Amino acid sequence: MSCDFLDLALPGVQKLSPYVPGKPVAELARELGLDPAGIVKLASNENPLGPSPRVLQAIQAELAELTRYPDGNGFELKKALAERYGVEPAQVTLGNGSNDVLEMIARAYLAPGRNAVFSAHAFAVYPIATQAAGAQGKVVPAAGWGHDLEAMAAAIDAETRVVFLANPNNPTGTWFGPDALRRFLAAVPADVLVVLDEAYIEYSGDDELPDGMQYLADHPNLLISRTFSKAYGLAALRVGYAISSVPIADVLNRVRQPFNVGSLGLVAACAALEDKDYLRRSRMANAAGMRQLEAGCRQLGLDWIPSRGNFLAVDFGGDAGPINQGLLREGVIVRPVAGYGMPSFLRVSVGTEAENARFLAAAARVLDQ
Ligand SMILES: Cc1ncc(COP(=O)(O)O)c(C=O)c1O
């Protein structure tokens, strides 16, 4: 007897579309017969600096332990993060990337009959995790591509268990300030979990964006999620974390997979946290690259959404699909964001100076055709 295994899956899962990652270099090389060395990938908001030497050293030293399971409690990394943010280790939840933390939240708090509130054009994992848990996603229209926090607070109802906020948001790069966050937190009922996703916060070295950590003491329903994938340059190792009140961390620990962060990730993240120079260089390279991309787009007559992340949503004014195809033929991979309700945009990650220049030159040629 043959079964329809899609039909057998949970209703929320049946309707899911899988997360679409940036196209890998090797895949484009295979498809178009291009030399992988000549391909530029600006599609996954990765750090273009390459790994920190201190991280490589830490990994090297850990290699002899590969036959052992990692420390399932991540003692050293939790301790380092707790010291960094002036919290207790029991407030820290480690994730296999911050995606893992988002999944744990959905698993622990969302189910059929419950809902999660998030903005239009917000990070794709919020709707995916919500739907996979069988909960309803309440999508609040954006204001100027960014989160409309007042409307989001107003959308909360008796069945809302979680609100997902991204500051800055991916793929729009939009952000909100401290006053808006303060008002929002004051308006949210105490029994609704506010997930403040700060995956790119390290790039905004000013007071324009609130530092979520400052609000934890007054809001036991707040969870801050951050990652080592972006400014710390560890995307391949999959290390993220949440800081929250102890009761929320305790709940997440109940659904967390044992050993969810590998040993190499744990030691690398500890080393990365100490490497202030790398973080400074990440920020500086990103700021310079952002200026380069903005200046280049201006020259090309293209509009963009101002961004505080390590990426820029560039508006091509019509269907960006053919432009994306043209860029791929030029060996430049960026990210189409039609799936985010932004069909005229392509999201371009900030790369090295040479990579940014490659994108701008390729875009000029494609637009000329
Ligand atoms: C807003 C946002 N949150 C979370 C993540 C997850 O990143 P990671 O799982 O690598 O920590 C991303 C990745 O692109 C992101 O853009």
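The values are calculated or read from the model by the stated rules, or taken from the named source; none is laboratory data. Since the structure is predicted, the reported quantities are computational estimates derived from the model, not experimental observations. In this analysis, Cβ positions are derived from the backbone assuming ideal geometry, glycine residues included, and neighbour counts consider all displayed protein chains.
For region 188-228, the candidate set comprises residues that are modelled with pLDDT under 95 and more than 16 Å from the ligand (Cβ to nearest atom); within that set, the residue that is nearest to ARG280 (Cα to Cα) is GLY205.
Inside region 123-134, can you point out the residues that are within 19 Å of GLU159 (Cβ to Cβ), within 16 Å of the ligand (Cβ to nearest atom) and among the hydrophobic types (A, V, I, L, M, F, W, C)? Even if it seems obvious, please write down each step before you answer.
Pass one, region 123-134, residues within 19 Å of GLU159 (Cβ to Cβ): 126-127, 129-134.
Now drop any that are not within 16 Å of the ligand (Cβ to nearest atom), which leaves 126-127, 129-130, 132.
Answer for region 123-134, where residues must be within 19 Å of GLU159 (Cβ to Cβ), within 16 Å of the ligand (Cβ to nearest atom) and among the hydrophobic types (A, V, I, L, M, F, W, C): ALA129, ALA132.
Residues in region 322-342 include at least one that is in contact (Cβ under 8 Å) with a residue 24 or more places away in the chain, surrounded by fewer than 19 Cβ atoms within 10 Å (Cβ to Cβ) and over 21 Å from GLU31 (Cβ atoms). Filtering region 85-98 to residues that are within 12 Å of the ligand (Cβ to nearest atom) and not hydroxyl-bearing (Ser, Thr, Tyr) leaves LEU94, GLY95, ASN96, GLY97. Tallying residues that are touching a helix residue (DSSP H, G or I) at 6+ places or on another chain (Cβ under 7 Å) and of a type in the set (Ser, Thr, Tyr) within region 45-74 yields 1. Of all residues in region 99-113 being without any contact (Cβ under 8 Å) to a residue 60 or more places away in the chain and assigned to a loop (DSSP other than H, G, I, E, B), which is farthest from the ligand (Cβ to nearest atom)? Only one residue tops the list, namely GLY113. Which condition number in (1) under 27 Å from ARG68 (Cβ atoms); (2) in contact with a strand residue (DSSP E or B) (Cβ under 8 Å, 6 or more places away or on another chain); (3) among the hydrophobic types (A, V, I, L, M, F, W, C); (4) in a helix (DSSP H, G or I) is the one that VAL261 fails? It is condition (4) that VAL261 fails. How many residues, within region 128-166, are assigned to a loop (DSSP other than H, G, I, E, B) and within 22 Å of LEU110 (Cα to Cα)? Of the residues in region 128-166, 9 are assigned to a loop (DSSP other than H, G, I, E, B) and within 22 Å of LEU110 (Cα to Cα). The single condition from (1) within 16 Å of the ligand (Cβ to nearest atom); (2) surrounded by 22 or more Cβ atoms within 10 Å (Cβ to Cβ) that LEU293 fails is (1). Every listed requirement among (1) in contact with a Cys (Cβ under 9 Å, 6 or more places away or on another chain); (2) surrounded by 23 or more Cβ atoms within 10 Å (Cβ to Cβ) is met by ASP303 save one, (2). Residues that are buried (at least 23 other Cβ atoms within 10 Å of the Cβ) and among the small types (Gly, Ala, Ser) within region 68-96 comprise GLY74, GLY95, listed in sequence order.
Scan region 286-294 and tell me whether some residue there is closer than 30 Å to GLU76 by Cα and in a helix (DSSP H, G or I). Break it down stepwise before answering.
From region 286-294, those closer than 30 Å to GLU76 by Cα are 286; that's our starting set.
Among the residues that remain, those that are also in a helix (DSSP H, G or I) are: 286.
Looking through region 286-294, at least one residue is closer than 30 Å to GLU76 by Cα and in a helix (DSSP H, G or I).
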